[in-house]
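One structure is given below, encoded as structure tokens.
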Amino acid sequence: MNRRTRLLTTAAVGAAAALLLTACGGGGGGSKGNDKIAGADTGGETSASPSASASTSAERPKIELPSDLTYTFEWPKTGDKDKDAVLSDGEQFIKAVDMAIAEQDPLHKAYRFYSEGTAAAGSQKFIQEFVDYKDRITGAKRYYNANVKINTDGTAGFVYCEDQNKAYNKSLKTGKTEVTPKSKDNYVLYNSRLRVNKQGIWITEKLTSQRGSSACQS
């Protein structure tokens, strides 16, 4: 496998985009020594976009992605407006980073709308690596085992898994897709912290990842 990428999956320790960027077997750091998703909700009703409770007061950026990139979000509606808003805005952040990669723009306004601090800085670095290699993401990505906790200080903890086995890097120079074999390293556990801003948007402030997580392979 090319050492430059495995879908280029999370880059910076403690701050990375919720997508694909790191050499094989690498990881963004994160849940060291703890490979469990406490209270993860693995069943129930799934929803591609639990946006019914998401804020509509802000003018959100339009997310437009390549037709050859698809998503499955196996995130159940919780019935709690704040938790469902976290799930919805977390989904938009993931897609916004992929859009920035597709458009080769490390400072794209869409992902910056949904992130700040170390998460935004990590996303910029992550996107820049795709730009440097003139690659983007193609294929299908699956997200599951989501668990949201609303904290007393107004922040939220959000843990989830990603299956990258059917997602690949596509060269913008040649148009060729780098198809890689299925691997345990293609399962990634993410742990993020979000806060709600004045517009009612849940902003991702911090994001860590663990590649090859056993918690995401059960």
**Prompt:** On the given criteria, is I127 outside any helix (DSSP H, G or I), in contact (Cβ under 8 Å) with a residue 40 or more places away in the chain and out of contact with any Ser or Thr (no Cβ under 9 Å at 6 or more places or on another chain)?
**Reply:** no
**Message:** Of all residues being more than 18 Å from the chain's Cα centre (by Cα) and of a type outside the set (S, T, Y) in region 78-98, which is farthest from E205 (Cα to Cα)? Just the residue, please.
**Reply:** G79
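Yes or no, residue by residue, for (1) open to solvent by less than 10 Å² (accessible area, probe 1.4 Å); (2) within 21 Å of V86 (Cβ to Cβ); (3) acidic (D, E):
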residue: N145; (1), (2), (3): no, yes, no
residue: F158; (1), (2), (3): yes, yes, no
residue: N165; (1), (2), (3): no, no, no
residue: K184; (1), (2), (3): no, no, no
residue: R193; (1), (2), (3): no, yes, no
residue: Q199; (1), (2), (3): no, yes, no
residue: E205; (1), (2), (3): no, yes, yes
residue: Q217; (1), (2), (3): no, no, no
**Message:** If S55 meets every condition in (1) among the polar types (S, T, N, Q); (2) open to solvent by 60 Å² or more (accessible area, probe 1.4 Å); (3) over 30 Å from S218 (Cα atoms); (4) at pLDDT below 95 apart from one, which number is that one?
**Reply:** (2)
**Request:** For region 107-124, name all the residues that are within 14 Å of the chain's Cα centre (by Cα) and either outside any loop (DSSP other than H, G, I, E, B) or farther than 12 Å from K95 by Cα (or both).
**Result:** A110, Y111, R112, S115, A119, A120, G122, S123, Q124
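Quick check on my filter: what residues within region 181-209 are within 15 Å of Y144 (Cα to Cα) and polar (S, T, N, Q)?
Hits for region 181-209 are N186, N191, S192, S209.
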**Fill in**
Apart from one, (1) part of a helix (DSSP H, G or I); (2) over 16 Å from Y143 (Cβ atoms); (3) open to solvent by less than 60 Å² (accessible area, probe 1.4 Å) all hold for G90; the odd one out is (2)
**Asked** Does any residue of region 182-203 turn out to be under 22 Å from Q104 (Cβ atoms) and not small (G, A, S)?
**Response** no
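The values are calculated or read from the model by the stated rules, or taken from the named source; none is laboratory data. Predicted model, so just to flag it, every value in this text is computed and none were measured. Note that each Cβ is placed from the backbone with ideal geometry, even for glycine, and that neighbours are counted across all protein chains shown. Surface accessibility is based on the protein's heavy atoms, side chains included, excluding ligands, DNA and RNA. Shrake-Rupley method; radii C 1.70, N 1.55, O 1.52, S 1.80 Å.
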